[in-house]
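Undergrad: Before I ask anything, here is the structure I am working with.
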Amino acid sequence: DGTEPSHMHYENDENYFRGYEWWLMKEAKKRNPKIKLIGLPWAFPGWIGKGENWPYDYPDVTAYYIVSWILGAKQYHDLDIDYIGIWNERAFSSKYIKLLRYTLDKRGLEQVRIIASDRLWEPISYVMLTDSELHGVVDVIGAHYPGTKTVPNAILTGKKLWASEDYSTFNNEVGAGCWARILNQNYVNGNMTSTIAWNLVASYYEELPFGRCALMTAQEPWSGHYKVESPIWITAHTTQFTQPGWSYLQVDGHLKGGGSFVALTDGLGNLTIIIETMTHNHSKCIRPRLPNFSVTPQRATFYLEGSFCMVKTLQVWHSRLDFESGNSSLFQKLHPVKVWEGRFSLDLNVDEVYTLTTLKTGQKCGCPEPPPPQPFPSYYKDDFNIRNPPFSEAPNFADQTGVFEYFVNASDPGDHVFTLRQVVVQRPITWVSDADQTISVIGNFKWVNMTVTCDIYIEKQKDGGVFIAGRVDNGGIYVRRTKGVFFWVFADGTYRVTGDLAGEEILMKGLSGVRDNAWHTLTLNIQGNSASGLLNGYPLWENVTVSKPSNGWAALGTRSFEFAQFDNFHVE
């Protein structure tokens, strides 16, 4: 649901302080030093493909790019990347994977493991069975949204199997039910020993295509409001009582009355059992389709044998998802269970999760209430005048194609030293269809009437151009079909008003006198069915009829992948 800045925008460019991921990894390590870090490219900068939308024509260049990121993580942030992927949900190249392993080893990164291919179980499993060299360099087979099932070839490889992306479901109680079910059943049905949720925290505008498809929600940086949603406490049932490196016990985890259980051990005598009894309609994930099944209340008896026969009591943590009244009970500590002669019984209702464990470390934090929710401020401005910004990008702007970064204009006489600059100047090797224009959205999607003002500076001569916009209605994977009211000015001295980002629905056009490499002020005013535009405070066009969309964000951007600067942004 947006773009992120690369560590190498251009061939001769390296910067390991862009974006929020470095901060995020360091914060995660503070909370759990044992947490694993994985890198997976969605897109690549265009220079890697030398003009082609393909990352494997020059595999040495791609490997250099990826390994640079891993080395930068260590050098600048003391972060050890544990696993590296190939290309998210796109084709893999056996030649590239082998070269990546060679390059990692050459740079002393033997401990970094390779995961492939973050798409489906096939063809990667089959190719590994027929190519022993590839089999030797891939450590984990990762599949996306496997629906708790694997395939025979994947098992035949003898490799670790992961659901390396899963969940992606709206984080209400059904999302929690989905997550509880697949966390267990990915192992029970599919032998997968890791399940990774996309995504961690919904910190992006909710009206983007995958709004709130996260374990928790924090989508109001302007108010500080956030919500620890139920999927977080479902996660805790597993992650508070296991760690990476624990092993699943090879037991049949299907319960007679429906539902499942898994058992894990640290190999040092500790035991954790997680039980889920999610019903079909209360545990549907976004994908794939879930075949029908039934779950009924049941009494389950568990037998502890071998090294676990000495266990006398187990700590109990319980959640019950309530779909009628919405009064779910989440991650509550119950009385310990006595184990009598190596066995214990539990009465299980539907839509419940139990953790039974020898560990006494579980906790449900009593955190302070977050600030109350508030809409995006209806009067907002940013002059980008910040000497040492904590992040490379301005707050609240959500880049949907291209990257907009703080910039210091050393040669400027004073008015525009600190600006916001679009810095992607070549179409990336895309994951989905990025727009042909760059765009960053901001504000409240429900806005109807608005005035957007911004100083703009076109850097590209002849055919350069920039826009400001209002009532912008889309982004993410649908950014190409974004509609709104777009006010463009071009380096050739013309202007346009269009109803779409693609610039095909022209509402007005004419001469503006705008030129490249000079600052100009654009103002876009939208009231009801009418829009007007000002240039440097003087009316340039007015009374343009606008019908759809009826509401949306404010935005700014460029005509193509080109350098351009913005300053003194202001929306009302």
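Undergrad: Given the pairs Lys34/Lys360; Lys50/Lys159; Lys106/Lys160; Lys381/Lys462, which are separated by over 28 angstrom at their Cα positions?
TA: Violating the 28 Å limit, Cα to Cα: Lys50/Lys159; Lys381/Lys462.
Undergrad: Of the accessible area of segment 1-108, with the probe set at 1.4 angstrom, what percent is carbon plus sulfur?
TA: Heavy-atom surface of segment 1-108 belonging to carbon and sulfur, 1.4 Å probe: 50 percent.
Undergrad: Taking +1 at the Cβ of each Lys and Arg and -1 at the Cβ of each Asp and Glu, which of Asn449, Gln461, Val423 sits farthest along the dipole of segment 377-489 towards its positive end, judged by Cα position relative to the Cα centre?
TA: Asn449
Undergrad: With +1 on the Cβ of every Lys and Arg and -1 on the Cβ of every Asp and Glu, and nothing else charged, how large is the dipole of the chain about its Cα centre, in debye rounded to the nearest 20?
TA: 1500 debye
Undergrad: Suppose R0 equals 51 Å; then what is the FRET efficiency for Glu505 and Tyr303 from their Cβ-Cβ distance, rounded to the nearest 0.05?
TA: Computed FRET efficiency for Glu505 and Tyr303 comes out at 0.15.
Undergrad: Rounded to the nearest 500 deg cm²/dmol, what is the calculated helix-only ellipticity per residue at 222 nm for the chain, with -39500 (n - 2.57) per DSSP H run of length n ≥ 4?
TA: Dividing the helical sum by the residues of the chain leaves -4500 deg cm²/dmol.
Undergrad: Here's another thing I want to ask about it. Work out, step by step, the length gained on full extension between Cys365 and Glu122: first 0.36 nm times the residue separation, then minus their alpha carbon distance; give nm to one decimal.
TA: That pair, Cys365 and Glu122, stretches by 83.3 nm at full extension.
Undergrad: Checking the cross-link filter: which aspartates and glutamates have an alpha carbon closer than 18 Å to that of Lys284, excluding same-chain neighbours under 8 positions apart?
TA: List returned: Glu165, Asp166, Glu173, Glu229, Glu276, Asp322, Glu324, Asp351, Glu352.
Undergrad: Skip the ligands, DNA and RNA, and give the accessible area per residue of the chain with a 1.4 Å probe, whole Å².
TA: Averaged over the residues of the chain, the accessible area is 45 Å².
Undergrad: Here's another thing I want to ask about it. What are the chymotrypsin sites (Phe, Trp or Tyr not before Pro) within segment 1-32 that DSSP puts in a loop, where the Cβ has at most 15 other Cβ atoms within 10 Å?
TA: Tyr10, Phe17, Tyr20
Undergrad: Then there is this: What distance in nm lies between label points placed 7 Å from Cα along the C-beta direction at Asn172 and Ser345?
TA: Placing both labels 7 Å beyond Cα along the Cβ direction yields 3.8 nm.
Undergrad: So what's the gap between the Cα centers of segment 506-549 and segment 178-197, to the nearest angstrom?
TA: 53 Å
Undergrad: For segment 202-268, run through the trypsin sites (Lys or Arg not before Pro) and keep only the ones in DSSP coil with at most 13 other Cβ atoms within 10 Å of their Cβ.
TA: Those satisfying the criteria are Lys256.
Undergrad: Another question about this same structure. Just reorder Arg31, Arg343 by solvent-accessible area, largest first, 1.4 Å probe, all chains present.
TA: Arg31, Arg343
Undergrad: Among Trp42, His225, Leu156, which residue has its Cα positioned farthest towards the positive end of the charge dipole of segment 20-228, with +1 placed on the Cβ of Lys and Arg, -1 on the Cβ of Asp and Glu, and the dipole taken about the Cα centre?
TA: Leu156
Undergrad: So if each residue of separation counts as 0.36 nm, and I subtract the Cα-Cα distance between Asn191 and Asn270, what length gain in nm does that give?
TA: That works out to 26.3 nm of additional length.
Undergrad: Label Asp412 and Tyr248 with points 7 Å out from Cα along Cα→Cβ: what is the distance between them in nm?
TA: 5.5 nm
Undergrad: Here's another thing I want to ask about it. For segment 380-571, with all protein chains present and a 1.4 Å probe, just round the carbon and sulfur fraction of the accessible area to a whole percent.
TA: 48 percent
Undergrad: For volume of the Cα convex hull per residue in Å³, the choices are (1) 167; (2) 196; (3) 770; which was calculated from the structure?
TA: (1)
Undergrad: May I pose another question? Say the dipole of the chain comes from +1 at the beta carbon of Lys and Arg and -1 at that of Asp and Glu; which of Thr494, Val137, Phe563 then lies farthest toward its positive end?
TA: Going by the charge dipole, the pick is Val137.
Undergrad: From the Cα gyration tensor of segment 20-228, with a ≥ b ≥ c the square roots of its eigenvalues, which class applies: rounded if a/c is under 1.5, or else prolate if a/b is larger than b/c, or else oblate?
TA: Oblate is the answer for segment 20-228, as a/c is 1.5 or above yet b/c matches or exceeds a/b.
Undergrad: Still on this structure, I have one more. Leaving out ligands, DNA and RNA, what percent of the accessible area of segment 166-294 is carbon and sulfur, probe 1.4 Å? Provide the component values of the computation, followed by the final result.
TA: Values: 2740 of 5100 Å².
Carbon and sulfur atoms account for 54 percent of the accessible area of segment 166-294.
Undergrad: Also, I was wondering about something else. Compute the distance from the alpha-carbon center of segment 367-421 to that of segment 112-166, in whole Å.
TA: Between the Cα centres of segment 367-421 and segment 112-166 lies a distance of 42 Å.
Undergrad: Given labels modelled 7 Å from the Cα in the Cβ direction, how far is it in nm from Tyr102 to Lys74?
TA: Result for the modelled spin labels: 2.0 nm.
Undergrad: So, by mean Cβ neighbours within 10 angstrom, what's the order for 460-471, 129-140, 265-276, 322-333 with the highest one leading?
TA: 460-471, 265-276, 129-140, 322-333
Undergrad: Hey, another quick one. For segment 380-571, count the residues as N, evaluate 2.2 N^0.38 Å, and divide the Cα radius of gyration by that value, please.
TA: Output field value: 0.94.
Undergrad: Compute, for segment 20-228, the length of the dipole vector about the Cα centre, with Cβ point charges of +1 (Lys, Arg) and -1 (Asp, Glu) only. Units Debye, rounded to 20.
TA: That gives a dipole near 480 debye.
Undergrad: Quick check for me: using +1 on Lys/Arg Cβ and -1 on Asp/Glu Cβ, what's the dipole size of segment 380-571 about its Cα centre, in debye to the nearest 20?
TA: About 440 debye.
Undergrad: Could you calculate the contour length gain from Ser132 to Lys95, that is, 0.36 nm times the residue separation minus the distance between their Cα atoms, to one decimal place in nm?
TA: Here the segment from Ser132 to Lys95 would lengthen by 12.1 nm.
Undergrad: While we're looking at this one, here's another question. I'd like the distance separating the alpha-carbon centroids of segment 435-456 and segment 330-358, in whole Å.
TA: After rounding, the separation between the Cα centres reads 52 Å.
The values are calculated or read from the model by the stated rules, or taken from the named source; none is laboratory data. The shown structure was predicted, so the numbers you read here are calculated from the model rather than taken from an experiment. Backbone-built Cβ (ideal geometry, glycine too); neighbour counts: all protein chains shown. What goes into the accessible areas is simple: the full protein's heavy atoms, side chains included, and nothing from ligands, DNA or RNA. Shrake-Rupley method; radii C 1.70, N 1.55, O 1.52, S 1.80 Å.
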